[in-house]
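Colleague: One structure follows; several queries about it will come next.
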Amino acid sequence: MTMKKNILEEAFPETLKILSDLIKFQTVSGTSNIKLIDYCEKKLGTLGANSFRTFDDKKLRANLFSTINGKQKVNGGGIILSGHTDVVPASVKDWTSNPYIADERDNKVFGRGSCDMKGFIACTLALAPYFAVENLKKPIHFSFTYDEETACQGAPIMIRELKKRKINCSICIVGEPTSMKAIQAHKGCYEYSTHFTGLAGHGSAPDKGVNAVEYATRFINKLMELREELKKREPKNSVFTPPYTTLQIGRIKGGLARNVIADQCVVDWELRPVVPEDGEFVNKSMEAYAKDILLPEMKKIYPKADIKKEIIGEIIGFNKEENSDAINLVCNLTGDNSRDVVSFGTEAGLFQEIGISTVVCGPGSIDQAHKIDEYVSFDQLKRCLKMLIDLRDQISN
Ligand SMILES: [Zn+2]
């Protein structure tokens, strides 16, 4: 018991130091995270971790996957500690302190990413040395990805490589801020922009042009019809609120003036599927409606008229597993048996999709994520460290 307390006391100042280093890397989604990845790889490398990286097309951003085997080689069935390295932008002038310099006050660490989710990454790195010196029964893996905030762009590339290298893992803990509660499911989040191209003309002769705004309106009406259909498709025992797949139009942009036929219109819409089949249902129905009904009418007047769907991102849902090993493990470690669902998207569904039992649990509250003066409390960081120390004890001989 005293041993455990000592580790926590030793590791906590180190966690704060690492978190402060991580916050200094301005890893806003879409920009390079390579320096941060270098930092993490070096730290893990000195402990004997095996690492590999995967990249985006331009090699501007990287995912890091590192494995600590402990004192001897162990095969398979490892546990992944997963965090994304990117953060949402921060406007320096709106913050009380500089968002890219960790500021410790009132037993909290303020800084962009402190809560979402560099706090979790700092905890895992601070404890890595304690995993490395043990006789582990299964390996511990560190998965640090890029561009999660922009619809999980990095993780799928890393997960493909995991499959290719046949690295089989049993459990994944995604350390998104959940106030250290075990989260067992979230809906998917699919985001689209549909672009309409018509033919401009004088408002007095609507039949001579192709009005992109009007076709977009019909498209939206069809979406609204499907929204009602989705309610009827509500799965039995859904754990979500509302229990069915939702659909929403976020923005319409198009047209020039009252008396000009609009030749351009864009509709931004999103879908939050409770089951993947609903996503397929909506997408197939809308594609058929555009291709068989709207486009032939548009092209009769203007052959170059077009409707194009742009996929902004498709974060797959994280589904409740019956008797989930990952949930059981984390509830056991934290002593908190509340098994909740959340409304935000994470990388959890991607790990689950390749057969890894997954749970979302990490320090800090989602209420502080993406906000001005984002913070994580010392207490949350300590609770996370304690969970990971107990995890280490559980998988050590
Ligand atoms: Zn996050």
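The values are calculated or read from the model by the stated rules, or taken from the named source; none is laboratory data. Since this is a predicted model, take the numbers as computed values, not measurements. When we count neighbours, we look across all protein chains shown, and the Cβ atoms used for this are built from the backbone with ideal geometry, even at glycine.
Colleague: Before we move on, is Glu161 touching a strand residue (DSSP E or B) at 6+ places or on another chain (Cβ under 6 Å), modelled with pLDDT of 95 or more and among the charged types (D, E, K, R)?
Modeller: Taking the combined requirement at face value, the residue satisfies it.
Colleague: Let me ask something additional. Give segment 158-179 a look and list any residue that's under 30 Å from Lys382 (Cβ atoms) and either within 16 Å of the ligand (Cβ to nearest atom) or assigned to a helix (DSSP H, G or I) (or both), or say none.
Modeller: Within segment 158-179, Met158, Cys172, Ile173, Val174, Gly175, Glu176, Pro177, Thr178, Ser179 meet the criteria.
Colleague: Name the residues in segment 82-125 that are among the small types (Gly, Ala, Ser) and crowded, with 24+ Cβ neighbours inside 10 Å, would you?
Modeller: The answer is Ser82, Gly83, Ala102, Gly111, Gly113, Ser114, Gly119, Ala122.
Colleague: List pairs: first residue in segment 137-161 and charged (D, E, K, R), second residue within 16 Å of the ligand (Cβ to nearest atom) and assigned to a helix (DSSP H, G or I) anywhere in the structure, Cβ distance under 7 angstrom, at least six positions apart or on different chains.
Modeller: Close Cβ pairs satisfying both conditions: Glu148/Ala155.
Colleague: Please count how many residues of segment 313-368 are among the charged types (D, E, K, R) and either within 30 Å of Ser193 (Cα to Cα) or in contact with a His (Cβ under 7 Å, 6 or more places away or on another chain) (or both).
Modeller: 5
Colleague: Restricting to segment 152-163, name every residue that is out of contact with any Ser or Thr (no Cβ under 7 Å at 6 or more places or on another chain) and under 15 Å from Glu353 (Cβ atoms).
Modeller: Matches in segment 152-163: Cys152, Pro156, Ile159, Arg160, Leu162, Lys163.
Colleague: Same structure again: From the list Ala182, Ala155, which one is more than 12 Å from the ligand (Cβ to nearest atom), buried (at least 20 other Cβ atoms within 10 Å of the Cβ) and small (Gly, Ala, Ser)?
Modeller: Among Ala182, Ala155, only Ala182 is more than 12 Å from the ligand (Cβ to nearest atom), buried (at least 20 other Cβ atoms within 10 Å of the Cβ) and small (Gly, Ala, Ser).
Colleague: So, one more: Ile79: loosely packed, with under 15 Cβ neighbours inside 10 Å and among the hydrophobic types (A, V, I, L, M, F, W, C), yes or no?
Modeller: no
Colleague: Those residues that are away from the ligand (no atom under 16 Å from the Cβ) and farther than 26 Å from Gly45 by Cβ, I need them from segment 100-115; list them, please.
Modeller: Within segment 100-115, Ile101, Asp103, Glu104, Arg105, Asp106, Asn107, Lys108, Phe110 qualify.
Colleague: While we're looking at this one, here's another question. Looking at the structure I just gave you, is Lys231 in a helix (DSSP H, G or I), free of Cβ contacts under 8 Å to residues at least 40 places away in the same chain and either crowded, with 21+ Cβ neighbours inside 10 Å or not small (Gly, Ala, Ser) (or both)?
Modeller: Considered against the rule, which asks whether it is in a helix (DSSP H, G or I), free of Cβ contacts under 8 Å to residues at least 40 places away in the same chain and either crowded, with 21+ Cβ neighbours inside 10 Å or not small (Gly, Ala, Ser) (or both), Lys231 comes out as yes.
Colleague: Here is a follow-up. Assuming Ala90 fulfils every condition listed in (1) of a type in the set (Gly, Ala, Ser); (2) modelled with pLDDT of 95 or more; (3) on the phi > 0 side of the Ramachandran plot apart from one, which condition is it?
Modeller: It fails just one condition, (3).
Colleague: Search segment 39-67 for residues that are within 20 Å of Asp86 (Cβ to Cβ) and pair each with any residue that is surrounded by fewer than 20 Cβ atoms within 10 Å (Cβ to Cβ) and among the small types (Gly, Ala, Ser) when their beta-carbon atoms are under 7 Å apart and the residues are at least 6 apart or on different chains.
Modeller: Short answer, once both residue conditions are applied: Glu41/Ser51; Leu44/Ser51; Ser51/Gly45; Leu60/Ser32; Arg61/Ser32; Leu64/Ser51; Phe65/Ser51; Ser66/Ser51.
Colleague: Could you grab me the full set of residues in segment 42-77 that are among the charged types (D, E, K, R) and over 16 Å from Ala126 (Cβ atoms)?
Modeller: Arg53, Asp56, Asp57, Lys58, Lys59, Arg61, Lys71, Lys73
Colleague: Of everything in segment 116-141, what is of a type in the set (Phe, Trp, Tyr) and within 16 Å of the ligand (Cβ to nearest atom)? Give them in sequence order.
Modeller: The answer is Phe120, and nothing else.
Colleague: Select from segment 274-328 the residues that are out of contact with any Pro (no Cβ under 7 Å at 6 or more places or on another chain) and of a type in the set (Gly, Ala, Ser) and write down the one among them that is farthest from Cys169 (Cα to Cα).
Modeller: Among them, the one singled out is Ala305.
Colleague: Within segment 126-145, take every residue that is over 10 Å from Ser66 (Cβ atoms) and polar (S, T, N, Q) and give me the one that is surrounded by the most Cβ atoms within 10 Å (Cβ to Cβ).
Modeller: The selected residue is Thr145.
Colleague: A follow-up question, please. If you take just the strands (runs of 3 or more DSSP E) that sit entirely in segment 235-319, which of them hold at least 2 residues that are in contact with a helix residue (DSSP H, G or I) (Cβ under 6 Å, 6 or more places away or on another chain) and buried (at least 16 other Cβ atoms within 10 Å of the Cβ)?
Modeller: The qualifying strands (runs of 3 or more DSSP E) are 246-254, 264-272.
Colleague: Return a yes/no flag: does segment 51-68 have any residue that is crowded, with 24+ Cβ neighbours inside 10 Å and of a type in the set (Asp, Glu).
Modeller: Checked against the condition, which is being crowded, with 24+ Cβ neighbours inside 10 Å and of a type in the set (Asp, Glu), segment 51-68 yields no hits at all.
Colleague: Hey, another quick one. If you scan segment 323-341, which residues turn out to be under 16 Å from Glu176 (Cβ atoms) and either touching an Asp or Glu at 6+ places or on another chain (Cβ under 6 Å) or buried (at least 18 other Cβ atoms within 10 Å of the Cβ) (or both)?
Modeller: Listed by number, the residues that qualify are Ala326, Ile327, Val330, Thr334, Arg339.
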